[in-house]
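What follows is calculated from the coordinates using simple rules that are stated; it is not laboratory data. Nothing here was measured: the structure is a model prediction, and the numbers come from that model. Reconstructed Cβ throughout: ideal geometry from the backbone, glycine too, with neighbour counts over all protein chains shown.
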Amino acid sequence: MTFLEGYRQDLCGTLGKIDLGRVRQAIDWLAEVRDRGGTVFTCGNGGSASTASHFAGDLLKGASYNHPRRWRVICLADPMPAVSAYANDVGYAAIFVEQLKNFASPGDLLLAISGSGNSPNVVAAAEYARSVGARTIALTGRDGGQLGQRVDLNILVPVQHMGRIEDAHLAICHMMGYWFMQFAP
């Protein structure tokens, strides 16, 4: 078996470990937030920041354009001037929390993404979001880390390989986003 064949085989096995019941619960919570006019926040670091941004974009455009209900969604990893200013002046652990202090309200929802589940800034964001009455969903890998224990709903990808964890997280985001694009009013 070549490396490529092995990677594909392992990735298919990883995708088979996704708890679809938890993904469905996340879809229900996202729909509730949208229908109430609440805001969905996303965050993550590195590849997870990219997935958080991608998912926000899918909701902003794909699940909003030509749909009667539109999304209020903010990726906290995207405003680079704010992220870099907070990282430099306050500390990297504060980059998401400080933005949430400006925007988060009870009934909003935070989708926090961390392959290890131990990113201090993502964990802090989840803790803050819960403290103000927002629901929290995490996409984690490995054993879920600290983040998996501090959210309302953890969608765990229980493998060690970070690439496959990140691949699966993007697939989960596409499952949720495309559900709204195809089935939700």
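Full extension of the segment from residue 22 to residue 132, taken as 0.36 nm per residue of separation minus the current Cα-Cα distance, would add 37.3 nm. Computed over Cα pairs, the Kirkwood radius of the range 51-152 leads via Stokes-Einstein (0.692 mPa s, 37 °C) to a diffusion coefficient of 233 µm² per second. Modelled spin-label separation between residue 31 and residue 70, with each label point placed 7 Å from Cα along the Cα-to-Cβ direction: 2.2 nm. From least to most packed, judged by other beta carbons within 10 angstrom and beginning with the fewest, 43, 12 follow the order 12, 43.
Other residues whose C-beta falls under 13 angstrom from the C-beta of residue 99 contribute a net charge of -2, scoring Lys and Arg +1 and Asp and Glu -1. Between residue 9 and residue 182, the FRET efficiency estimated from the beta carbon spacing at R0 = 25 angstrom works out to 0.30.
If you wrap the tightest convex hull around every Cα atom of the range 3-182 and split its volume per residue, you get 113 Å³. Ranking of 74, 137 by neighbouring Cβ atoms within 10 Å, starting from the fewest: 74, 137.
What is the fewest-to-most order of 22, 69, 142, 135 by other Cβ atoms lying within 10 Å of their Cβ? Write down the numbers at each step before the final one.
Values: 22 16, 69 13, 142 19, 135 22.
Ranking 22, 69, 142, 135 by Cβ neighbours within 10 Å, fewest first, gives 69, 22, 142, 135.
Using alpha-carbon positions, what is the distance between the centroids of the range 156-185 and the range 67-82, in Å? Each part's Cα centre sits 18 Å from the other's. Note on the range 3-182: with charges restricted to the Cβ of Lys and Arg (+1) and Asp and Glu (-1), its dipole about the Cα centre is near 380 debye.
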